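The values are calculated or read from the model by the stated rules, or taken from the named source; none is laboratory data. From a predicted model like this one, the values you see are computed outputs, not experimental measurements. Using ideal geometry, Cβ is built from the backbone for each residue, glycine included, and neighbour counts are taken over all protein chains shown.
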Amino acid sequence: MELHNKKYDRQTLKNNIYLFNLVDILKTQKVDVTFAVRYLLNSKYQLAENEKLITPKMVLFYQPHINKFELLDEMLSYESDDDSVDDFETVACRS
């Protein structure tokens with residue numbers, strides 16, 4: 001899969017979350033605010049060192065369609081991983 005030359009829908013990104021670097025997703029794909037909070041800003045999915053550096057400010061810079069109020073609201077209201085994928089170890093053990 002090629003992030004730099006193709007846009008993927010939310011479900012495709014979610015299903016392949018461990019194949020991509022989250023920073024690359026942030027910089028090359030258009031994501032919604034819930035995806036940004038549940039995946040890009042969620043330490044559960046930040047495996048690489050540069051992924052751990054993703055901040056709300058970076059999300060707002062690279063995803064200008066998201067405004068700071070909706071991002072803050074989503075961050076404050078997000079409580080569970082009900083829409084999330086399995087952790088990396090579980091996914092890796094399936095292969």
Taking the stretch 14-31 and keeping only residues that are modelled with pLDDT of 95 or more and of a type in the set (A, V, I, L, M), one is left with L22, V23, I25, L26, V31
Pairs please, first residue from the stretch 47-69 and more than 20 Å from H4 (Cα to Cα), second anywhere and among the β-branched types (V, I, T) and part of a helix (DSSP H, G or I), Cβ atoms under 7 Å, 6+ apart in sequence or on different chains. I66/V33; I66/V59
Limited to the stretch 9-50, what total is found for residues that are touching a Ser or Thr at 6+ places or on another chain (Cβ under 9 Å) and not hydrophobic (A, V, I, L, M, F, W, C)? 7
Among the residues of the stretch 42-55, is any of a type in the set (G, A, S) and within 9 Å of the chain's Cα centre (by Cα)? no
Take R10 and decide whether it is surrounded by fewer than 19 Cβ atoms within 10 Å (Cβ to Cβ) and within 10 Å of the chain's Cα centre (by Cα). yes
Quick check on my filter: what residues within the stretch 17-41 are among the β-branched types (V, I, T) and under 10 Å from the mean Cα position of the chain (by Cα)? I17, V23, I25, V31, V33, T34, V37
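Considering the stretch 14-59 alone, what residues qualify as being among the acidic types (D, E) and over 18 Å from L76 (Cα atoms)? Spell out the reasoning first.
So the first thing to find is which residues in the stretch 14-59 are among the acidic types (D, E), and the list is 24, 32, 49, 51.
Within the stretch 14-59, D24, E49, E51 meet the criteria.
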Scanning the stretch 8-30 residue by residue, the ones that are among the aromatic types (F, W, Y) and within 20 Å of T55 (Cβ to Cβ) total 1
Being surrounded by fewer than 18 Cβ atoms within 10 Å (Cβ to Cβ), of a type in the set (A, V, I, L, M) and not in a loop (DSSP other than H, G, I, E, B) narrows L76, L26, L47 down to just L76
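Go through the stretch 34-44 and count every residue that is buried (at least 21 other Cβ atoms within 10 Å of the Cβ) and either under 13 Å from N21 (Cα atoms) or touching a helix residue (DSSP H, G or I) at 6+ places or on another chain (Cβ under 7 Å) (or both). Working first, answer last.
Within the stretch 34-44, the subset buried (at least 21 other Cβ atoms within 10 Å of the Cβ) is 35-41.
Still in the running and either under 13 Å from N21 (Cα atoms) or touching a helix residue (DSSP H, G or I) at 6+ places or on another chain (Cβ under 7 Å) (or both): 35-37, 39-41.
Number satisfying all stated conditions: 6.
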Test set (1) modelled with pLDDT under 95; (2) of a type outside the set (F, W, Y); (3) not in a helix (DSSP H, G or I) - H65 fails condition number: (1)
